[in-house]
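Asker: Take this structure, written in structure tokens, and hold onto it; I'll ask about it next.
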Amino acid sequence: MTRRYVGWVAGSAAAVLVAAGAITYAVAEETGGPATKTPGAESADAGFARDMSVHHQQAVEMSYIVRDRTKNEEVRRLAYDIAQTQANQRGMMLGWLDLWELPKVSAEPPMTWMGMRDMASGKDGALMPGMATDTELRKLQSLNGKQAEILYLQLMTAHHKGGIHMAEGCVAKCTVDVEKRLAQGMVDAQQSEIELMAGMLKERGAQPRP
């Protein structure tokens with residue numbers, strides 16, 4: 001079952017890449033018409049695009065780290081798919097900010113758009129919920145084989161949980177329909193990957209972190 005799922009996930013990355021142009025065009029259509037208001041700099045739409053871009057970037061970084069630390073094909077395929085999918089989504093979100101002529105950084109703390117500006121302290125590089133600390137990233141870089149696989153799966157599970165929380169916030173608060181649909185797609189896909197990673201951890205005699 002794990003192999004079949006990983007194969008499906010890898011195939012889905014291609015579909016995401018093909019859809020990217022259409023989604024970006026759809027955002028332009030939605031926000032470019034005379035009757036449609038472009039999101040403001042402090043809107044949930046802009047806040048989600050900024051914060052999730054940062055969140056996604058760390059997932060890409062972790063995935064490329066583990067891909068070089070293990071020879072296990074299932075873990076490598078999963079990591080590659082997560083890296084490609086989230087790098088593509090990050091590019092889309094940064095593109096939307098350009099389209100809206102909004103800054104890619106904010107003076108406000110992360111998660112302010114969700115009313116949770118104090119939710120993550122930013123200590124040791126963990127800027128938002130679910131993000132790994134700089135210490136954890138260095139540890140991942142120091143491991144090989146099964147140990148690297150377990151830590152990656154644990155870190156990415158926590159990362160996905162934080163990402164789902166943020167994406168659900170956009171589904172509830174964002175106003176651009178295509179962005180809300182992308183956020184819901186993130187919720188669905190990352191929940192499926194959490195279930196997949198739980199099985200992969202179990203196969204390795206480990207479990208997600210509490």
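Asker: Would you be able to say whether some residue in the range 77-91 is touching a residue at least 12 places away in the same chain (Cβ under 8 Å) and acidic (D, E)?
Answerer: Yes - at least one qualifying residue is present in the range 77-91.
Asker: Just name the residue that is nearest to G115 (Cα to Cα) out of those in the range 199-210 that are open to solvent by 40 Å² or more (accessible area, probe 1.4 Å) and part of a helix (DSSP H, G or I).
Answerer: By that ranking, first place goes to K202.
Asker: Next question, about the same structure. With respect to P103, determine if the residue is out of contact with any helix residue (DSSP H, G or I) (no Cβ under 6 Å at 6 or more places or on another chain) and within 22 Å of P39 (Cα to Cα). Let's see the steps before the verdict.
Answerer: Details: out of contact with any helix residue (DSSP H, G or I) (no Cβ under 6 Å at 6 or more places or on another chain): yes; within 22 Å of P39 (Cα to Cα): yes.
For P103, the condition - out of contact with any helix residue (DSSP H, G or I) (no Cβ under 6 Å at 6 or more places or on another chain) and within 22 Å of P39 (Cα to Cα) - is met.
Asker: Right, another one. I'd like the full set of residues that are more than 22 Å from A44 (Cβ to Cβ) and among the small types (G, A, S), limited to the range 127-146.
Answerer: If the condition is that a residue be more than 22 Å from A44 (Cβ to Cβ) and among the small types (G, A, S), then A132, S142, G145 are the ones that fit.
Asker: Shifting gears a bit: Collect the residues in the range 108-125 that are outside any loop (DSSP other than H, G, I, E, B) and farther than 16 Å from A46 by Cβ, keeping them in residue-number order.
Answerer: Passing the criteria: K123, D124, G125.
Asker: Out of V75, V60, V66, report the one residue that is of a type outside the set (G, A, S), within 22 Å of I164 (Cβ to Cβ) and either under 16 Å from the mean Cα position of the chain (by Cα) or modelled with pLDDT under 95 (or both). Break it down stepwise before answering.
Answerer: Working: V75 fails: either under 16 Å from the mean Cα position of the chain (by Cα) or modelled with pLDDT under 95 (or both); V66 fails: either under 16 Å from the mean Cα position of the chain (by Cα) or modelled with pLDDT under 95 (or both).
V60 is the lone residue from the list that is of a type outside the set (G, A, S), within 22 Å of I164 (Cβ to Cβ) and either under 16 Å from the mean Cα position of the chain (by Cα) or modelled with pLDDT under 95 (or both).
Asker: For the range 53-86, enumerate the residues that are open to solvent by less than 10 Å² (accessible area, probe 1.4 Å) and acidic (D, E).
Answerer: D81
Asker: Could you give every pair whose Cβ atoms fall below 6 Å, whose first residue belongs to the range 119-146 and is within 17 Å of D51 (Cβ to Cβ), and whose second residue is hydroxyl-bearing (S, T, Y), counting only separations of at least 6 or pairs across chains?
Answerer: Close Cβ pairs satisfying both conditions: G125/T133; A126/T133.
Asker: Now for a different question. Determine whether D134 is over 26 Å from Q191 (Cβ atoms), among the acidic types (D, E) and at pLDDT 95 or above.
Answerer: Yes; evaluated as a whole, the condition is true for this residue.
For (1) at pLDDT 95 or above; (2) more than 18 Å from H56 (Cα to Cα); (3) among the basic types (K, R); (4) part of a helix (DSSP H, G or I), each residue gets a yes or a no:
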residue: A79; (1), (2), (3), (4): yes, no, no, yes
residue: T85; (1), (2), (3), (4): yes, no, no, yes
residue: R90; (1), (2), (3), (4): yes, no, yes, yes
residue: E101; (1), (2), (3), (4): yes, yes, no, no
residue: S106; (1), (2), (3), (4): no, no, no, no
residue: H159; (1), (2), (3), (4): yes, no, no, yes
residue: E168; (1), (2), (3), (4): yes, no, no, yes
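Asker: Considering only residues that are closer than 17 Å to Y64 by Cβ and acidic (D, E), look in the range 129-185 and name the one that is most open to solvent (accessible area, probe 1.4 Å).
Answerer: My answer is D134.
Asker: How many of the residues making up the range 87-113 are open to solvent by less than 40 Å² (accessible area, probe 1.4 Å) and either under 23 Å from R204 (Cβ atoms) or of a type in the set (A, V, I, L, M, F, W, C) (or both)?
Answerer: Qualifying residue count, the range 87-113: 9.
Asker: Something else: Could you identify the single residue in E149, E136, E168 that is within 15 Å of the chain's Cα centre (by Cα), under 24 Å from P208 (Cα atoms) and among the charged types (D, E, K, R)?
Answerer: E168
The values are calculated or read from the model by the stated rules, or taken from the named source; none is laboratory data. None of these values were measured; they are calculated from a predicted model. Neighbour counts are summed over all protein chains in view; Cβ atoms, including those assigned to glycine, are modelled from backbone coordinates with ideal geometry. Heavy atoms of the whole protein, side chains included, go into the accessibility calculation; ligands, DNA and RNA do not. Shrake-Rupley method; radii C 1.70, N 1.55, O 1.52, S 1.80 Å.
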